[in-house]
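Since every read-out is calculated from the coordinates, none of them should be taken as a lab result. Note that this is a predicted model, so its numbers are computed, not measured. Methodologically, a virtual Cβ is constructed for each residue, glycine included, from the backbone with ideal geometry; neighbour enumeration extends over all protein chains shown.
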Amino acid sequence: MGGFCHMTGGSMYKYLLLLTCSLVPCAASAQQTDEVEERVDPDWNAPGHAGFEPVEPTITVTANGLSTAVANTGQPVTFIEREEIEAVQGADLQRVLRRAPGVTLTRNGPVGSFSGISVRGASADQLLVVVDGVRVADPASPAGGFDSGNLLTGNVGKLDLLRGSNSVVWGADAIAGVLAVSTRAETGAEASVEYGSRDTLFANAAAGHAGERYYAGLTASHYDSDGFSAAASGEENDGFRQTAVSGSAFYDLTDDVELFANARYGTGRLEIDGFAPPDYLALGDTEEVQDTDQFSGALGATYYGQDLTLRGSYSLSDTERTNFASDARIAEGFASDGRSERWALRAEYRLIGGLSLAYGGEYEETRLATSFGGIASDAAETSIVGGYAQAGWVLGDLAAHLGARYDKHEDFGGQTSFGGDVSYGLPGDWRIRASFGEGFKPPSLFQLFSDFGNPVLQPEESTSFDIGVEKGSRGASPYYLSLTAFRRDSDNLIDFIGCSVAIPICIDRPFGTYDNVGEARAQGIEVEAGAQLSRGFSIGGQYSFIDSENRTDGSPNEGNRLARRPRHAATLFADWQSAVGLTLGADLRFVGGSYDDPGNIVHLDSYGVLDLRVEYALSGKLTAFGRIENVWDEDYATAAGYASAGRGVFAGVRASL
């Protein structure tokens, strides 16, 4: 069966499966698909739900590396499709992600500023982020994580969030989980433009064409805003502008071999606030700007055999940042270039009786280079190689997976990871599930080799467990409910420490260094629910209780809550669509109080934010829309000293061909 057969035939399920295949090999087992279809809610077309039509099974790759229906995995996964992203409106990805359970968010000012995504109380750099299958973390950043402030919604087609450690399939960095971002892949053409408060302009367009044996698509977006002062005490606006393009293509070379390629490029400029003169002790207005250029892409080939799927790929990610003293860009300050290259071979072999085996190997090289004032200061590189195997078994309503992985890092040596999950379908579209997983995160190049580095650092490690029950699934049932209890224990956490003359490494690091000194535990519950109450009227929401605690023996902060980790976070949303094309919607976000520092001294207050939105279909191909963000003009902070957006009003139009 040719890989592109998943595109043709008019089925959105087959089209989605093709996009999913850009991450890992696709499972071609008809038996597996049939088993999923048997689990569709039997009440979907009942008289009380007249007019509703069941959708095809939702496909996930984040949970177990097998391109499988979410009903066949025991790990908690949340999907947000393009339709929902457009319904939320705007460029800010955080306004979309707050609909996902287990997620709390931080930002150092306006859209475009440094933004962190915390999943189940883990730090932002412990979440693995991949865009079209490519790891996009910046190896030159201090912790080697991904700054999600540079990822806007214009080019995003789907978000696939796995919550829980999963280094068996994904290797390094998957302590908190995995956020898989798929860029848009339209057939036809669509464009939108909006304008609003703070002189904000956001425009995006996407176009694509599918033939008998190929698909090619292109997306582009542009964002420009005057913003507001990033420093809460400041008065000068800090703006952000970014232009991004992405493209993807698939071609069936033969009936069994598919070639693929994708690429994404974004360039932006951010005005930032720092520690202001004359004493440089507090955040305030500064004239600094940061230019960022990001590129990521992949190419490869997939073989689709009757029992074997084999996929080989090469991927590249590069992030360049340059700071200037002012927008005039005369005096170059700190600059960095982080680059990673990855070679991967993944396979799935389908055995008899619902058994399958997924296995593969990967090799990655990462490099960083930094300079100050145009003069090179630091350069470092490292590599990691790993392999994994995972067995899967789907028999009727029962599905189970068990796997192991071994990685060899150039600097700290070997690392072994284990994981597994089980899921069982019950009558009435109910399902119980459970999973466990191990994760690890190698020390970053900065933590290892900078002037503050420690070359003998070991990887951060985690073990997570969760158990849950659910009915239906988001977007595929007229009503759904999911309840999950989880726990994650982490150790060897890397932190910056002050130096003592008694520590040998401090002889040439008098201002401090990094060390494996931390332990932490995060546990709690996640609730996700939604209902299509009538034709055109739906409600949904999520609530997360996350108790994250510093458990480092002997630390003065032992027993304290982890910094910037609120215990309570909830989002409620509702949409009503009339018969004449008018749609009204609202999102209400509540976040409990937290602490900004490990000592639990600086408190961040709880807050609530209400957004209202409206759409009106002017014709079958033209829609007008608008929204009011932060209706109550709530004054709040997710990071001490930094401001958040006040009330804003925006309006735009969207057209399709």
Under Stokes-Einstein, with the Kirkwood radius over Cα pairs standing in for Rh, what whole-number D in µm²/s applies to region 95-139 at 37 °C and 0.692 mPa s?
282 µm²/s
Report the local net charge at residue 310: Lys and Arg +1, Asp and Glu -1, summed over other residues whose C-beta lies under 9 Å from its C-beta.
+1
At a Förster distance of 22 Å, what's the computed FRET efficiency of residue 253 paired with residue 316, Cβ-Cβ distance as r, to 0.05?
0.50
If only Cα atoms are counted, what is the Rg of region 557-657, and what is its Dmax, in Å?
18.6, 60
Name the chymotrypsin sites (Phe, Trp or Tyr not before Pro) in region 254-295 that are in a loop by DSSP and that have at most 12 other C-beta atoms within 10 Å, would you?
280
Estimated vicinal HN-Hα couplings, Hz - region 374-388 in sequence order (Karplus 6.51, -1.76, 1.60; Gly, Pro = x)
x, 9, 4, 10, 10, 8, 7, 8, 7, 8, 8, 10, x, x, 9
Least to most buried among 494, 330, 384, 628 (fewest other Cβ within 10 Å first):
330, 628, 384, 494
Need one number: nm distance between label points at residue 533 and residue 655, each 7 Å from Cα along Cα→Cβ, rounded to one decimal.
3.7 nm
In region 514-657, with Lys and Arg counted as +1 and Asp and Glu as -1 at Cβ, which of these residues, 599, 631, 574, has the Cα nearest the positive end of the dipole, that is, farthest along it?
574
So, in nm, how far is label residue 509 from label residue 385 when the simple model puts each one 7 Å beyond its Cα toward the Cβ?
2.8 nm
Mind listing P(r) for region 516-605? All alpha-carbon pairs, 10 Å bins, whole percents.
16, 32, 22, 16, 10, 4, 0
Of the candidates 76, 127, 612, the farthest towards the positive dipole end of the chain (Lys/Arg Cβ +1, Asp/Glu Cβ -1, centred on the Cα centre) is 76
Residues with amide H under 5 Å of residue 453's amide H, sequence separation 5 or more or different chain, H placed in the peptide plane at 1.01 Å from N; which?
none
How big is the gap, in Å, between the Cα center of region 325-369 and the Cα center of region 190-252?
23 Å
Report the full-extension gain for the segment residue 590 to residue 496: residue separation times 0.36 nm, less the Cα-Cα distance, to one decimal in nm.
30.6 nm
If you take the charge dipole of the chain about its Cα centre, with +1 on Lys and Arg Cβ and -1 on Asp and Glu Cβ, which of 368, 557, 345 is farthest toward its positive end?
345
Overall dimensions of region 199-268 by Cα: Rg and Dmax, Å
19.0, 63
Chymotrypsin sites (Phe, Trp or Tyr not before Pro) in region 486-536 lying in a DSSP loop, each with at most 12 other Cβ atoms within 10 Å of its Cβ, come to 511
If you line up the Cα atoms of region 334-373 on their principal axes, what length do they span on each, largest first, in Å?
64, 13, 6
Nearest 20 debye, what's the magnitude of the dipole of the chain about its Cα centre given +1 on Lys and Arg Cβ and -1 on Asp and Glu Cβ?
1320 debye
Counting only backbone N atoms under 19 Å from a point 7 Å out along Cα-to-Cβ of residue 602, the residues of region 527-551 in range are 550
For region 609-657 and region 119-136, what is the centre-to-centre distance using only Cα atoms, to the nearest Å?
26 Å
Of all chymotrypsin sites (Phe, Trp or Tyr not before Pro) in region 544-635, the ones in DSSP coil with at most 14 other Cβ atoms within 10 Å are 632
Put a dot 7 Å past each Cα toward the Cβ at residue 547 and residue 377; how far apart are the dots in nm?
4.3 nm
Hz values of 3J(HN,Hα) by residue in region 298-308 - Karplus curve (6.51, -1.76, 1.60), Gly and Pro given as x:
8, 8, x, 9, 10, 9, 10, x, 5, 10, 10
Could you give the Stokes-Einstein D for region 322-463 in µm² per second, using the C-alpha Kirkwood radius, 4 °C, 1.567 mPa s?
69 µm²/s
Using amide H atoms built in the peptide plane, which far-off residues or other-chain residues are under 5 Å from residue 274 H to H?
284, 286
Kindly write out, for region 103-119 in residue order, the coupling ³J(HN,Hα) from the Karplus curve 6.51 cos²θ - 1.76 cosθ + 1.60 (θ = phi - 60°), rounded to whole Hz, with x marking Gly and Pro.
10, 10, 9, 10, 7, 9, x, x, 3, x, 5, 3, 10, x, 10, 9, 10
In debye to the nearest 20, the charge dipole size for region 481-621, taken about the Cα centre with +1 at each Lys and Arg Cβ and -1 at each Asp and Glu Cβ, equals 560 debye
If R0 is 35 Å, what FRET efficiency do you get for residue 214 and residue 406 from their C-beta distance, rounded to 0.05?
0.40
Relative contact order [Cα under 8 Å, 6+ residues apart], region 226-352, whole percent:
19 percent
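What percentage of all Cα-Cα pairs in the chain are separated by more than 46 Å? Before the final figure, lay out the partial values.
Values: 27836 of 215496 pairs.
It works out to 13 percent of all Cα pairs.
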